[in-house]
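Notes to accompany the following structure.
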Amino acid sequence: MALYSEKVMDHFRNPRNVGVIENADGVGEVGNAKCGDIMKIYLKIENDVIVDVKFETFGCGSAIASSSMATEMIKGKPISEALGLTNKAVTEALDGLPAQKIHCSVLAEEAVKSAVKDYYDKNGIIYDCKLFHDCATCEHCHH
Amino acid sequence: MKIYADNAATTKMSRTAIEAMLPYMSEIYGNPSSLHSEGQAAAEALSDARERIAKRLGCTAREIIFTSGGSEADNQAIITAAKMGEKKGKKHIVSTAFEHHAVLHALEALEKQGFEVTLLDIHDNGIVTADDVKNAIRPDTCLVTVMYANNEIGTVQPIGEIGAVCREAGVLFHTDAVQAAGHLEIDVIKENIDMLSLSAHKFHGPKGIGVLYAKKGIILQNLIYGGAQERGKRAGTENIPAIMGMAAAFDEACDKIEANSAKLCKLRDRLIEGLLSIPHSILNGDAEKRLPGNVNVCFEGIEGESLLLLLDDKGVAASSGSACTSGSLDPSHVLLALGRPHEVAHGSLRLSLCEENTAEEVEYIIEAVRDVVSLLRGMSPVWRDLESGKKEFILK
């Protein structure tokens, strides 16, 4: 289908890092089923480095592709780099998304951040709240 | 394998329709409004096509207007009834919550002009009753418009009974028969239909051509002003090739209604049975009072667009009512009207068969859907929560 780039279709058809990490160090879940998109990201962290990452997604082709790409982009990277992941970078790495699908890349960025926040919270690590904004206030989801 | 199972979206043109069109592109290409013999040959063909279509609907040729398709016919019918009503101070319209957008959006435009619209809820089986309509009609009702069969869930409405109610109340009755024409027997007299819309490309005819039937006595309101074509009610040189293709396709479809229906109902019922054997799924719409080729099922825990893309990879062309495929945040208004919660409506799949589909294809589709649903559920956090008991299944 010409709706999506080859890159999106590749990540959709052969998603990388699908699954669950048991006893993950950080878990982030964003979106809601009413809107038709939920992303869940699991992180395994050692010495401030994301040594493993897995995802589960309920959503459209671009939601699955965005989560797959986001996990690839943060795997093996220090947390600081993962926190710098933007939806724009995910979109670019996918060779673009249709305008109405940009929110999928936003969800991917938020899912990563939410998983890191969970890791910080679990470990009592102090952080700047401004790093994370609550998905419930995200304008991409009106329900 | 390539299987086209999206015939409610559009159909492949039949050989008969294509061949009926060809002479009107290269040989009989005159303008029917012209006096010369080339023009008159086209005018004769036009008149013949009009007669044939009228005969199939049970009306007279004068009551047939050619339009660019179903949407235009719906708009013209609704605006006509509104104008007629307005003159008598009647500005209330009765319709249903699951009409096609060509009807719903025309009604919304009228609401902005001061009309009041009652949209009837549909019952759990995807059907409105004549009693529902009867109870909604008021002294100031100028139009009842109820679709013949729904485009998404395929449920067939009791049009004859609704027509009788409207006739008794003296209210104009329009039906959007885009999904029904050529697939179900229609008789505008017997069913008391005052106006009816149909579209050729839903029954193996060409795209961009349709019909508005308007009973004698109804003064149609123009949407397009210009020349005197279509008795002055729809300007623009007639699309003769498309009209000839439509007439041929309609004749062919109407001749085969019984045979096609018998074949399709069998395929449809097997497909429904096969898909419902996938756990936590549900059929949308009545199992029997539905179009012969329509199957619409929801699967819990997955989203429709990804389902369609993976089915496309397996060669199956289908459609869904998920938000992602509707281009909005909300899933299909039809599934919501049916009472499906958002999260279930997102996981809908519509397969619409035609007489060319085979029993082998149906078996292939069932296996393909089973594989794709299980693959998507395997990566769905919603499905994990449902399976682990963290959340309760909506579809048992």
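At a glance:
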| item | result |
| --- | --- |
| Unmet requirement for residue A:9, which otherwise passes all of (1) at the interface with chain B (Cβ under 10 Å from one of its Cβ atoms); (2) under 16 Å from the mean Cα position of the chain (by Cα) | (2) |
| Test: residue in region A:35-46 that is surrounded by fewer than 19 Cβ atoms within 10 Å (Cβ to Cβ), at pLDDT 95 or above and farther than 30 Å from residue B:333 by Cα | yes |
| Subset of region B:348-383 (residues that are in a loop (DSSP other than H, G, I, E, B) and either modelled with pLDDT under 95 or within 23 Å of residue B:292 (Cβ to Cβ) (or both)) | B:353, B:354, B:355, B:356, B:357, B:358 |
| Answer residue from region B:179-201, given it is in contact with a Gly (Cβ under 7 Å, 6 or more places away or on another chain) and among the charged types (D, E, K, R) and is surrounded by the most Cβ atoms within 10 Å (Cβ to Cβ) among those | B:191 |
| Residue B:224 vs. criteria free of Cβ contacts under 8 Å to residues at least 60 places away in the same chain, closer than 30 Å to residue B:129 by Cβ and hydrophobic (A, V, I, L, M, F, W, C) | no |
| Answer from A:34, A:101, A:44 - the residue that is outside any helix (DSSP H, G or I), under 21 Å from residue B:379 (Cβ atoms) and within 14 Å of chain B (Cβ to nearest Cβ) | A:34 |
| Verdict on residue B:29 being surrounded by 13 or more Cβ atoms within 10 Å (Cβ to Cβ) and over 19 Å from residue B:210 (Cα atoms) | yes |
| Given (1) part of a loop (DSSP other than H, G, I, E, B); (2) modelled with pLDDT of 95 or more; (3) within 26 Å of residue B:177 (Cβ to Cβ), number of the condition residue B:302 does not satisfy | (3) |
| Residue that is surrounded by the most Cβ atoms within 10 Å (Cβ to Cβ) [pool: residues in region A:47-65 that are within 14 Å of another protein chain (Cβ to nearest Cβ) and in a loop (DSSP other than H, G, I, E, B)] | A:59 |
| Residue count, region A:66-78 (criterion: more than 14 Å from residue A:106 (Cβ to Cβ), crowded, with 20+ Cβ neighbours inside 10 Å and either within 10 Å of chain B (Cβ to nearest Cβ) or in contact (Cβ under 8 Å) with a residue 40 or more places away in the chain (or both)) | 2 |
| Residue B:114 vs. criteria more than 16 Å from residue B:172 (Cβ to Cβ), in a loop (DSSP other than H, G, I, E, B), over 19 Å from the mean Cα position of the chain (by Cα) and not acidic (Asp, Glu) | yes |
| Hits in region B:19-51 - residues which are part of a helix (DSSP H, G or I) and either in contact with a Gly (Cβ under 7 Å, 6 or more places away or on another chain) or within 30 Å of residue B:308 (Cα to Cα) (or both) | B:20, B:21, B:38, B:39, B:41, B:42 |
| Scan of region B:3-13 for residues that are assigned to a loop (DSSP other than H, G, I, E, B) and either out of contact with any helix residue (DSSP H, G or I) (no Cβ under 9 Å at 6 or more places or on another chain) or within 28 Å of residue B:297 (Cβ to Cβ) (or both), ordered by number | B:5, B:7, B:8, B:9, B:10, B:11, B:12 |
| Number of positions in region B:335-374 that are within 14 Å of chain A (Cβ to nearest Cβ), buried (at least 16 other Cβ atoms within 10 Å of the Cβ), closer than 17 Å to residue B:275 by Cα and out of contact with any strand residue (DSSP E or B) (no Cβ under 6 Å at 6 or more places or on another chain) | 3 |
| Test: residue in region B:274-293 that is within 14 Å of another protein chain (Cβ to nearest Cβ), in a loop (DSSP other than H, G, I, E, B) and surrounded by 24 or more Cβ atoms within 10 Å (Cβ to Cβ) | no |
| For residue B:321: the one exception among (1) outside any helix (DSSP H, G or I); (2) within 21 Å of the chain's Cα centre (by Cα); (3) within 13 Å of chain A (Cβ to nearest Cβ); (4) over 28 Å from residue B:266 (Cβ atoms) | (4) |
| Matching strands (runs of 3 or more DSSP E) fully within region B:148-223 where at least 2 residues are touching a His at 6+ places or on another chain (Cβ under 8 Å) | B:195-199 |
| From A:90, A:112, residue being within 11 Å of the chain's Cα centre (by Cα) and in contact (Cβ under 8 Å) with a residue 60 or more places away in the chain | A:112 |
| Index of the failed condition, residue B:308 passing every other in (1) in a helix (DSSP H, G or I); (2) crowded, with 24+ Cβ neighbours inside 10 Å; (3) touching a residue at least 60 places away in the same chain (Cβ under 8 Å); (4) not β-branched (Val, Ile, Thr) | (3) |
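The values are calculated or read from the model by the stated rules, or taken from the named source; none is laboratory data. Note that this is a predicted model, so its numbers are computed, not measured. Don't worry about glycine lacking a Cβ; one is built from the backbone with ideal geometry, like all the others, and counts go over all protein chains shown.
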